[in-house]
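Report on the structure given below.
The values are calculated or read from the model by the stated rules, or taken from the named source; none is laboratory data. Note that the structure is predicted; figures quoted are calculated from it, not measured. A quick note on method: Cβ atoms are made from the backbone with ideal geometry, for glycine too, and the neighbour counts reach across all protein chains shown. The protein model used for the area step is the full one, side chains on, heavy atoms only, and it has no ligands, DNA or RNA in it. Shrake-Rupley method; radii C 1.70, N 1.55, O 1.52, S 1.80 Å.
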Amino acid sequence: MELEIPLVAESFYKTTDIPVIKNTMAKIAQTYFAEIQQAETLTRVSSAIINAVIFTESKGNKTIVSSAGAIGLMQLKPQSANDSIFLANKQKRLSEQEKQVLRKTLGNRLDAIFKQAYCSHKIKENNFKGNVVTASDLQNPAFNILCGAILLGLLIDQHNENGKLRLDKVLIRYNRGYFYKPKGNTPTETLTQVKGNKEAYNYVLKVLGKNGLLEMQA
């Protein structure tokens, strides 16, 4: 799939920000080299995208917990990780190798996810008690990065539009939730749609804009 870099003309970062950001991303790539490479190999999601998401979400702080309960490097809630594994398995995207790695953290709890009858997001968040993944699981960098990459892989599969990867839509859904459906035939149209949501709008600019995180890694 083709991906233009930059995908959008707008910028979030100033040119003077670039050296510091590049340095931080290089530290993330070095510190979590094995975990990021493992996730890239297993999920086929580019390490550059994974690194950009880690920087955007946590700047490489593996212990950070958001006010909304998102945990670690890729800022996942237990529910999001649980459902990403459930959906990847249901959609036959989860390989045997991924299952083996996930089982290192989850053990037999992985089978409990596979046996769930539905995705927990169909029930109002915080009222659902069936999540198997715990906050403690997501404090493990290898597990956290793999779950985040699994979610990105699911979204990337759904946004191959006319031979081009609409990574803007992927990032918006990573930020706003799997079941959010961004509209727009072009990145400009999609950005206009989400402009009222500052966090989602800026997310796209940070990664895909001029002076964005993917351009810095190109």
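Any residue in the stretch 6-30 that is farther than 13 Å from MET216 by Cα sitting within a Cβ distance under 9 Å of a residue that is part of a helix (DSSP H, G or I) and open to solvent by 90 Å² or more (accessible area, probe 1.4 Å)? List the pairs, counting only those 6 or more apart or interchain.
Between residues of the stretch 6-30 that are farther than 13 Å from MET216 by Cα and residues that are part of a helix (DSSP H, G or I) and open to solvent by 90 Å² or more (accessible area, probe 1.4 Å), the close pairs are VAL8/THR188; ALA9/THR188.
Being open to solvent by 30 Å² or more (accessible area, probe 1.4 Å) and closer than 30 Å to PHE12 by Cα narrows it down to one residue among ASN89, ASN160, ASN108; which is it?
ASN160
Answer with yes or no whether GLU57 is open to solvent by 20 Å² or more (accessible area, probe 1.4 Å), at pLDDT 95 or above, more than 19 Å from LEU102 (Cα to Cα) and assigned to a helix (DSSP H, G or I).
yes
How many of the residues making up the stretch 167-218 are part of a helix (DSSP H, G or I), more than 16 Å from ASP157 (Cα to Cα) and of a type in the set (Ser, Thr, Tyr)?
Result for the stretch 167-218: 5.
Checking ALA34 against (1) modelled with pLDDT of 95 or more; (2) open to solvent by less than 60 Å² (accessible area, probe 1.4 Å); (3) touching a helix residue (DSSP H, G or I) at 6+ places or on another chain (Cβ under 9 Å); (4) of a type in the set (Gly, Ala, Ser), which test does it fail?
ALA34 satisfies all of (1) modelled with pLDDT of 95 or more; (2) open to solvent by less than 60 Å² (accessible area, probe 1.4 Å); (3) touching a helix residue (DSSP H, G or I) at 6+ places or on another chain (Cβ under 9 Å); (4) of a type in the set (Gly, Ala, Ser) except (2).
Within the stretch 60-104, how many residues turn out to be in a loop (DSSP other than H, G, I, E, B), free of Cβ contacts under 8 Å to residues at least 60 places away in the same chain and of a type in the set (A, V, I, L, M)?
The number of residues fulfilling the criteria is 4.
Might you let me know whether the stretch 187-205 holds any residue that is open to solvent by 50 Å² or more (accessible area, probe 1.4 Å) and under 14 Å from LEU3 (Cα atoms)?
No, the stretch 187-205 contains no residue that is open to solvent by 50 Å² or more (accessible area, probe 1.4 Å) and under 14 Å from LEU3 (Cα atoms).
Which one of THR15, THR41 is more than 15 Å from LYS206 (Cα to Cα), open to solvent by 30 Å² or more (accessible area, probe 1.4 Å) and at pLDDT 95 or above?
After ruling out the rest, the residue left standing is THR41.
Which of the residues that make up the stretch 111-130 are buried (at least 18 other Cβ atoms within 10 Å of the Cβ) and modelled with pLDDT of 70 or more?
Selection gives ILE113 alone.
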